[in-house]
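Enquirer: Sharing a structure with you now.
The values are calculated or read from the model by the stated rules, or taken from the named source; none is laboratory data. Note that the structure is a prediction, hence the values are computed from the model and not measured. All Cβ positions, glycine included, derive from the backbone under ideal geometry; neighbour counts span all protein chains shown.
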Amino acid sequence: MWENNRENNDEWYMRKNEDVKPVRNNFLGNLDFNFRTCAIIGVIGAALLCIVPLLLFGGLVAWGGGDDDSGGDEDPTDFADIVDDDGVQINNIVSAEAVNDMGCAVDVNNSFADTAQIYIVAEDSDFPEGTDVFVRLYREGDAIEDAPEITADQDYENTCVNFLFVPESGETFDEGDYEAEFYVNGEATGSVAFVVE
């Protein structure tokens, strides 16, 4: 009799285990890592790679594409092309009141109100990967502020790079003659002059 019960119990145990799925105990719960899940994680990761720098830098610095949208009535400072041995080429430096979604100058101007935000833009330029760039702002010949230095994370061709200068909260720019000078790999490479009135 004991043998029969054992056989019945084994048979019941085997049938019961055939229907039982193992429970996964990990920090992701019962998440299946199939192609769809990996694709979703990849898309979220790529989006974060694009969004996090914008949040960290607050849109103060942007590598953009070419094709500026500055219109035709601007009067940019005359500026000769700058080309160096490292493949850096700066075609035009302008001051502007805004930039488009590609980081190129819109509303190019050389005269600003003391409360304005002022973009300094190198248009249609080439910056190889690893190029360090920043802009130094001068007033009446005295250096007053350096924008944060950025490093090209890839080769950029026919692109715009811009730096934004704004007065601190509750303050204004002092009136006078200003110059913004691009520094590439530690060397001054070109500038644009403007006036704050």
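Enquirer: Test Asp126 against the stated conditions and say whether it is farther than 21 Å from Glu97 by Cα and either modelled with pLDDT under 95 or among the acidic types (Asp, Glu) (or both).
Expert: yes
Enquirer: Take Val108 and decide whether it is assigned by TED's automatic domain parsing to the domain that holds Ser191, more than 18 Å from Val133 (Cα to Cα) and modelled with pLDDT of 90 or more.
Expert: yes
Enquirer: A follow-up question, please. Are there any pairs with C-beta distances below 6 angstrom linking a residue in segment 167-189 that is within 25 Å of Ala113 (Cα to Cα) and not assigned by TED's automatic domain parsing to the domain that holds Glu140 to a residue that is modelled with pLDDT under 95 and part of a strand (DSSP E or B), with the two at least 6 apart or on different chains, and if so which?
Expert: Between residues of segment 167-189 that are within 25 Å of Ala113 (Cα to Cα) and not assigned by TED's automatic domain parsing to the domain that holds Glu140 and residues that are modelled with pLDDT under 95 and part of a strand (DSSP E or B), there is no close pair.
Enquirer: Taking segment 154-182 on its own, how many of its residues are out of contact with any Gly (no Cβ under 9 Å at 6 or more places or on another chain) and surrounded by fewer than 18 Cβ atoms within 10 Å (Cβ to Cβ)?
Expert: Within segment 154-182, residues that are out of contact with any Gly (no Cβ under 9 Å at 6 or more places or on another chain) and surrounded by fewer than 18 Cβ atoms within 10 Å (Cβ to Cβ) number 11.
Enquirer: Name the strands (runs of 3 or more DSSP E) wholly inside segment 98-197 in which the number of residues that are within 20 Å of Asp86 (Cβ to Cβ) is 3 or more.
Expert: Strands (runs of 3 or more DSSP E) meeting the threshold: 118-127, 132-139, 156-165, 176-184, 187-196.
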